[in-house]
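The values are calculated or read from the model by the stated rules, or taken from the named source; none is laboratory data. Here the structure is a predicted model, which is why all the values come from computation and not from measurement. With ideal geometry, Cβ positions are generated from the backbone for all residues, glycine too; neighbour counts draw on all protein chains shown.
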Amino acid sequence: MEKFWQFVKGFLVILCLFVIFYLALRYQYFSTFFDLPLWAIPFISFLLILYVGYYFLDLYLNKNEIEHEFTTIVNHTFRTPLTRINWISKELEKDLSQNERLTYIQNLNNATNRLIEIVDLIAGIKNIGDKTGYIFEATSIRDIIERAITKYREEINKKNLTFQVPTFKDVPMLTADLKKITFVIDSIIENAIVYTPKDGKVVIDCILKRKRLILSVSDNGPGLTFQDKIKIFSRFFRSKTAKLAYPDGMGLRLNLAKEIIKRHHGKIFAKSKGRNKGTTFFIELPFSK
């Protein structure tokens with residue numbers, strides 16, 4: 001939808017430029033033909049020039065705003081794990097017990113993996129649209145979800161979240177890029193964990209409908225406004241509620257997820273009844289038995 005409106009705006013600007021040029025050549029003819037005063041056509045041309053100028057000014061300001069926001073996000077996102085690595089390194093220099101040392105090493109590995117994940121995420125912006133980068137194979141949605149829950153087990157336990165997961169009975173294997181589909185599902189599940197309040201519940205469901213597999217992940221978190229639902233898959237977009245709940249987010253995961261699902265000829269979308277009423281993400285993927 002965002003790309004569509006960008007196309008419409010661009011088309012209108014080109015049309016305005018053409019009209020301005022044409023009016024400049026034939027303004028006396030139009031004034032006579034439509035019985036207009038001679039100042040009318042130049043005035044219309046002036047208004048069109050203002051619109052074109054506004055378009056390019058808005059484009060310039062938006063570009064600078066996006067660049068500033070991206071720089072701020074990257075700076076904050078990198079600084080958090082780097083600061084943690086620096087602190088842990090200093091702690092490891094102390095005289096520690098074996099268990100304390102192992103705990104610190106595990107935390108060091110987690111922070112390092114977080115940095116690698118951020119780098120992969122940023123690199124993914126450039127490479128996600130490259131068709132040659134997709135390796136399709138038989139993929140089990142059940143295995144991906146089980147690994148995701150195991151991966152985020154510590155966060156789940158900290159918040160005492162309840163997970164409702166289907167049995168996946170009769171759910172077929174999908175032909176998909178395992179690494180990229182795993183990224184999408186991990187992102188949706190992580191979102192549910194991050195934004196669901198303590199002692200909350202996350203419900204995962206999977207149904208088959210007309211040769212399409214529909215995976216849904218529901219939480220009882222802050223929900224989405226109408227504006228959030230429109231922009232949720234836009235690059236760098238994060239709602240005010242999301243920023244308060246999780247300051248380290250980059251606003252890239254859902255945008256990349258949408259591109260990945262698009263390459264799989266599927267759909268991804270979100271539904272919410274409004275603020276504080278939870279959110280459900282849906283992933284639709286084709287399959288053939």
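Just so you know, in the stretch 179-198 the residues that are in contact with a Phe, Trp or Tyr (Cβ under 6 Å, 6 or more places away or on another chain) and crowded, with 20+ Cβ neighbours inside 10 Å include one that is farthest from His265 (Cα to Cα), and it is Ile193. When you look at Ile193, is it assigned to a helix (DSSP H, G or I) and at pLDDT 85 or above, yes or no? It is true that Ile193 is assigned to a helix (DSSP H, G or I) and at pLDDT 85 or above.
Close Cβ contacts (under 8 Å, 6 or more residues apart or on different chains) running from residues in the stretch 269-283 that are assigned by TED's automatic domain parsing to the domain that holds Glu259 and under 14 Å from Asn191 (Cα atoms) to residues that are part of a strand (DSSP E or B) and of a type in the set (Asp, Glu) comprise Gly278/Asp219; Thr279/Asp219; Thr280/Asp219.
Residue count for the stretch 133-174 satisfying the condition of being closer than 29 Å to Thr103 by Cβ, of a type in the set (S, T, N, Q) and not in a loop (DSSP other than H, G, I, E, B): 3.
Here Ala176 clears all of (1) surrounded by 19 or more Cβ atoms within 10 Å (Cβ to Cβ); (2) more than 26 Å from Lys243 (Cα to Cα); (3) modelled with pLDDT under 85 except the condition numbered (3). A single member of Phe163, Phe136 is surrounded by fewer than 19 Cβ atoms within 10 Å (Cβ to Cβ) and under 23 Å from the mean Cα position of the chain (by Cα), and it is Phe136.
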